[in-house]
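Asker: One structure, pasted below without further comment.
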Amino acid sequence: MATKYDCFEILYKNKSELNPKEISKHFPKENYATIYKQLLELEKEKLIKKKNRSFEVILSKKTEILYSIIEHCLKNQINYNSILDKNFAEFVKNSLEKKEINSENSHINPKTLRKYIDILVKNELALIILEKPIKAKIFYNPLVNNLLLFFSFDNLKLNTEKISYIKEIEKNLTTLKSLRKQNETKYKQLVKEIEIPFVYHSLSIEGNPATLLDTQKILKNEILPADLMSIHAEEIKNYSTAIRKMLADAEENKALSIPLILEYHKITMKHKESLSGQIRTLPVHISGNPEFEVSPHKNIIENLENLLKEYSIFIGRKQTSVESIISFAISFHNSFQHIHPFEDGNSRTTRLITFFILQQKGIPIMDIPYGLLDEYISNTKGSKKRDDEKLKETFHKIILFNLIKFIKLLK
């Protein structure tokens with residue numbers, strides 16, 4: 001059934017007055033009376049106003065936020081109707097103010113708690129740490145922020161207490177290894193499927209305008225969306241090719257080297273051939289973050305060689321704990337990004353190499369979930385000061401999210 005928010009989306013997008021009959025054309029299975037009822041509800045909430053026999057959106061901060069929520073959801077294949085609920089928004093706010101949410105501190109009906117957490121997990125906005133009794137960590141990002149603002153929950157006191165998920169990661173790694181042994185073929189198929197959202201998430205950080213659905217069409221169906229420029233489609237294909245090479249190289253236990261890094265960059269940035277696979281020879285800076293320090297171009301090779309010496313020592317250790325693997329991967333990530341060896345494509349190459357190191361050491365990570373993208377950015381190229389510990393906290397959640405996702409799909 002068409003909801004009031006479905007009707008609002010049509011009205012806002014058209015930026016003009018529409019009568020109920022015109023809106024009904026967008027919902028051929030709905031009758032006129034249903035659409036009219038939804039419009040009256042929007043009018044009552046002062047989101048739209050009636051003009052003669054038509055309706056138009058009331059331009060305000062509130063309607064701007066609402067459309068931003070809807071637009072963001074459509075781009076990321078999130079059902080906005082499932083989250084645009086005041087009780088749900090209040091639950092999210094209360095959850096974000098706690099270290100973690102569980103059946104004891106949620107103060108709501110267990111069935112409702114499960115329903116809300118399932119909605120968040122489905123949309124990659126939460127991580128279930130424990131199933132029974134249920135315990136979850138809710139993610140904070142711009143979509144969540146706008147949801148709280150829309151329902152006037154603008155007094156959020158976000159809980160920033162440090163949490164380590166090493167024990168949970170170790171436990172889930174053991175489970176995944178066992179499941180993978182039982183069905184390696186299915187595991188490899190899942191890797192290919194999970195690669196698609198990672199390509200989308202990784203490139204959306206870099207400004208690629210493709211939606212998740214566009215990315216699926218390009219990589220799965222080999223269809224070029226009509227409203228997408230060919231260079232953006234090529235960027236998607238190139239990164240997918242680079243990821244598959246990275247996975248094959250990790251499987252063969254290839255050693256990371258400057259030539260291999262240049263090869264990854266060359267594949268990744270093939271759509272910009274003049275700079276692909278080339279060490280920069282001029283100064284650069286991070287757009288929007290002038291305080292992010294990068295190596296002078298004359299020091300790039302030396303800094304890379306020193307970083308790879310650290311990698312060689314690390315990779316040569318026969319026994320390494322899960323915690324030390326993650327710590328090194330985070331250190332490498334930040335060091336490489338601050339060296340910033342290329343004119344463009346540094347961040348996506350950094351993620352590729354970091355995943356390579358984790359894969360080599362038996363920690364399969366294939367995606368950064370949607371709900372953690374902004375946290376990841378703020379702790380990497382959005383950070384004014386390098387902070388490995390903060391990034392490590394983010395990666396704990398990213399890694400655990402990936403492990404739980406693989407386990408669920410393999411069972």
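Asker: If we restrict to alpha carbons, what Rg and Dmax does the range 4-59 come to, in Å?
Answerer: Taking only Cα atoms of the range 4-59, I get Rg and Dmax of 9.8, 29 Å.
Asker: What distance in nm separates the two pseudo spin-label positions at Asp344 and Asn105, each 7 Å out from Cα along the beta-carbon direction?
Answerer: Distance between the two pseudo-spin positions: 4.5 nm.
Asker: Given C-alpha coordinates of the range 38-132, what is the ratio Rg to Rh with the Kirkwood estimate of Rh?
Answerer: 1.08
Asker: Taking the radius of gyration and the Kirkwood hydrodynamic radius from Cα positions alone, what is the Rg/Rh ratio for the chain, to two decimal places?
Answerer: 1.00
Asker: Kindly rank 61-67, 364-370, 319-325 from highest to lowest mean number of other beta carbons found within 10 Å of each residue.
Answerer: Listed from highest to lowest mean packing, they are 364-370, 61-67, 319-325.
Asker: May I pose another question? State, to one decimal in nm, how far the label point of Ser378 lies from the label point of Arg244, with both points 7 Å from Cα in the Cβ direction.
Answerer: Label at Ser378, label at Arg244, 3.7 nm between them.
Asker: On to the next question. Mean separation of Cα pairs under 8 Å and 6+ residues apart, divided by the residue count of the chain: what relative contact order is that in percent?
Answerer: Averaging sequence separation for qualifying contacts and normalising by length gives 16 percent for the chain.
Asker: If you take the beta carbon distance between Leu59 and Ile134 as r and set R0 to 56 Å, what does 1/(1 + (r/R0)^6) give as a FRET efficiency, to the nearest 0.05?
Answerer: 0.85
Asker: For a protection proxy built on the mean count of beta-carbon atoms within 10 angstrom, sort 169-182, 5-18 highest first, please.
Answerer: 5-18, 169-182
Asker: Could I get the Rg over Rh figure for the range 80-150? Both from C-alpha atoms, Rh via Kirkwood, rounded to two places.
Answerer: Expressed as Rg/Rh, it is 0.92.
Asker: Also: Please compute the length gained on full extension between Glu45 and Lys411, using 0.36 nm multiplied by the number of residues separating them and subtracting their Cα-Cα distance.
Answerer: 127.2 nm
Asker: Extending each Cα 7 Å along its Cβ direction at Thr175 and Leu74, get the distance between those two points in nm, one decimal.
Answerer: 3.8 nm
Asker: In addition: Over the Cα atoms of the range 166-410, how large are the radius of gyration and the largest Cα-Cα distance (Dmax), in Å?
Answerer: My reading of the Cα-based Rg and Dmax gives 17.5, 51 Å.
Asker: Could you give the length gained by full extension between Glu161 and Lys192, i.e. 0.36 nm per residue of separation minus their alpha carbon distance, to one decimal place?
Answerer: 7.7 nm
Asker: Given that compact globular proteins tend to follow 2.2 N^0.38 Å, what is the ratio of the alpha-carbon Rg of the range 291-411 to that value?
Answerer: Working it through for the range 291-411, the quotient is 1.08.
Asker: Considering only C-alpha atoms, what is the centroid distance from the range 107-183 to the range 227-243, in Å?
Answerer: 31 Å
Asker: Pick out which of Glu71, Glu375, Glu184 has the largest mean-square fluctuation in a Gaussian network model of the chain, springs linking Cα atoms closer than 10 Å.
Answerer: Residue with maximal mean-square fluctuation among Glu71, Glu375, Glu184: Glu184.
Asker: Right, here's the next one. What is the calculated FRET efficiency for Asn52 to Met229, with r their C-beta to C-beta distance and R₀ = 45 Å, to the nearest 0.05?
Answerer: E between Asn52 and Met229, to the nearest 0.05, is 0.65.
Asker: A further question follows. Work out, step by step, the length gained on full extension between Asp85 and Lys25: first 0.36 nm times the residue separation, then minus their alpha carbon distance; give nm to one decimal.
Answerer: Contour length minus Cα-Cα distance gives 19.0 nm.
Asker: Now, a different point. What does the net charge come to around Ser152 if you take all other residues with beta carbon closer than 11 Å to its beta carbon, with K and R at +1 and D and E at -1?
Answerer: Spelling it out: positives minus negatives among the neighbours equals +1.
Asker: Calculated from DSSP H runs of 4 or more alone, at -39500 (n - 2.57) each and per residue, what is the 222 nm mean residue ellipticity of the chain, nearest 500?
Answerer: -18500 deg cm²/dmol
Asker: Consider a paramagnetic label point 7 Å from the Cα of Ile279 along Cα→Cβ; state which residues of the range 231-262 have an amide N under 20 Å from it.
Answerer: What the label zone holds, given the 20 Å backbone N cut-off, is 255-262.
Asker: Within a Cβ distance under 9 Å of Glu343, other residues only, what is the Lys/Arg minus Asp/Glu net charge?
Answerer: Around Glu343, the surrounding residues sum to +1.
Asker: Would you work out the relative contact order for the range 167-324, in percent, from Cα pairs under 8 angstrom that are 6 or more residues apart?
Answerer: Worked out over the range 167-324, it gives 14 percent.
Asker: Continuing with the same structure: Could you work out the relative contact order of the range 27-154? I mean the mean sequence separation of Cα pairs under 8 Å and 6+ apart, divided by the number of residues, in percent.
Answerer: 23 percent
Any read-out appearing in this document is the output of simple, stated calculations on the displayed coordinates, not a laboratory observation. For clarity, every value in this text was computed on a predicted model and none was experimentally measured. For neighbour counting, all protein chains shown are included, and Cβ atoms are generated from backbone atoms with ideal geometry for every residue, glycine included.
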